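*Asks:* Would you mind keeping the following structure in view while I ask a few things?
Coordinate-derived values only; no laboratory data. No experiment lies behind these values; they were computed from the predicted model shown. Ideal geometry is used to build each Cβ from the backbone, glycine not excepted, and the neighbour counts take in all protein chains shown.
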Amino acid sequence: MIPPLTPTFDAAVRDVRAQQPRFRSAAASRLADPPADRRAEAVEGLLSLSEDQVGAVREAAYESLGALGAGKALSRLLEAFDDEHMGARQAAVLAVGRVAPEAGVEAIAALLDDSRPEMRFSAIWTLSYLGAEHADRIAKALDDRDAEVRTLAMQCLGELGATASVDAIARALDDPSDSVRFAAAASLATLGDARGAATLRASLSQPDRAFVAAVGLGDLADQDSLPALTRLAKHRWRSPILRAAAARALVRLGDPAGAEVIRKIVRSWRIEARQYGVELVGELGLASLLPDLTRALRKSRKVEQPVYETALEQLAPKSAEATALLASLRQTDHLPQ
């Protein structure tokens, strides 16, 4: 079935009471972005939809109430932790984190002991969104009985910079679950701990893990990974983004071959690869690639220019040419042809 087109705000208000669930669901999504003077009207419509008989509609309503930060909906969202629809109750947890980050945090944390794994998962995700001050609570889930919950806990602790948890994460390198072991290794690398480097090296040959593994090994500047990373960066049949991640690691290992691979990717016709290459030029401070970046910028679309601007900002402190190019870009919104 073809989904309905995104309705206007007036149509969304009307469709709160539409007969077909797909129109009510579309209305719930549209009401997340009301005109400034009609926010209250949007919240009322979403509160009505939050009691819809169809779970998918309630889910969309909870998501939009969260997006609006609708404090008026807090009690309804807390009740929804027991919604019969799994997606709806998970959306309610995330929404509480946005609607009432202080008043709702204890209710969210209590879900870490919930019997339903998806609710423990949602609680970890939401606590991570609320900030690093909740890392200790998230760390308690490292021993959760569900592998997906343990995996998420490790990923979140890495992203939060929770160095106090490195020993607990390292113990998971012997976890029965292969996915948990990999998550532990990747998170340790993010936290600057090399105990999972062997696991990451072994993952470079796995297509679904190679990118994360290459980034992690680059963060660690793991010398033992140099041969495998070199092969990956120069492999002509691997994806350019994966090759760029391996090249990033080579640069961090002091191998000039990495910059040469990134140079080629900056010239790529594939926009997603080219943008990642430009990001790496800035991140790694590769001022030697500024001519290639300039050439790519001249051929870029306007939508790509924020990526170039960020890279030039990173290069500017050490490059007068980058400083001048950045000023030109900001003045004209594009380089002259």
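*Asks:* Considering only the range 305-333, state which residues are farther than 18 Å from LEU280 by Cα and of a type in the set (A, V, I, L, M).
*Replies:* ALA320, ALA324, ALA327, LEU329
*Asks:* If you don't mind, another one. Quick check, is ALA189 assigned to a helix (DSSP H, G or I) and crowded, with 19+ Cβ neighbours inside 10 Å? Explain how you work it out, then say what you get.
*Replies:* Values: assigned to a helix (DSSP H, G or I): yes; crowded, with 19+ Cβ neighbours inside 10 Å: yes.
In short, yes.
*Asks:* Sticking with this one: What number of residues within the range 217-237 satisfy the criterion of being under 17 Å from ALA273 (Cβ atoms) and surrounded by fewer than 17 Cβ atoms within 10 Å (Cβ to Cβ)?
*Replies:* Count: 4.
*Asks:* So which helices (runs of 4 or more DSSP H) stay within the range 54-131 end to end and still have 3 or more residues that are out of contact with any strand residue (DSSP E or B) (no Cβ under 8 Å at 6 or more places or on another chain) and surrounded by 24 or more Cβ atoms within 10 Å (Cβ to Cβ)? Quick ask: steps written out before the conclusion?
*Replies:* On the way: elements: 55-68, 74-79, 86-99, 105-110, 117-130.
In the range 54-131, 55-68, 86-99, 117-130 are the helices (runs of 4 or more DSSP H) which contain 3 or more residues that are out of contact with any strand residue (DSSP E or B) (no Cβ under 8 Å at 6 or more places or on another chain) and surrounded by 24 or more Cβ atoms within 10 Å (Cβ to Cβ).
*Asks:* Quick one: which of GLU321, GLU260, GLU304 is closer than 29 Å to LEU229 by Cβ, of a type in the set (D, E, K, R) and in contact (Cβ under 8 Å) with a residue 24 or more places away in the chain? I'd like the intermediate steps shown before the answer.
*Replies:* Values: GLU321 fails: closer than 29 Å to LEU229 by Cβ; GLU260 fails: in contact (Cβ under 8 Å) with a residue 24 or more places away in the chain.
Going through GLU321, GLU260, GLU304 in turn, just one is closer than 29 Å to LEU229 by Cβ, of a type in the set (D, E, K, R) and in contact (Cβ under 8 Å) with a residue 24 or more places away in the chain: GLU304.
*Asks:* I need the full set of residues from the range 302-337 which are farther than 27 Å from ALA246 by Cβ and not in a helix (DSSP H, G or I), in order please.
*Replies:* Those that are farther than 27 Å from ALA246 by Cβ and not in a helix (DSSP H, G or I): ASP333, HIS334, LEU335, PRO336, GLN337.
*Asks:* List every residue pair whose Cβ atoms sit under 7 Å apart, with the two residues 6 or more apart in sequence or on different chains, where the first one lies in the range 171-182 and is part of a loop (DSSP other than H, G, I, E, B) and the second, anywhere, is buried (at least 19 other Cβ atoms within 10 Å of the Cβ) and among the small types (Gly, Ala, Ser).
*Replies:* From the range 171-182, the pairs are ASP175/ALA184.
*Asks:* Go through the range 22-62 residue by residue and tally those that are within 14 Å of ALA12 (Cβ to Cβ) and of a type in the set (Phe, Trp, Tyr).
*Replies:* Of the residues in that region, 1 qualify.
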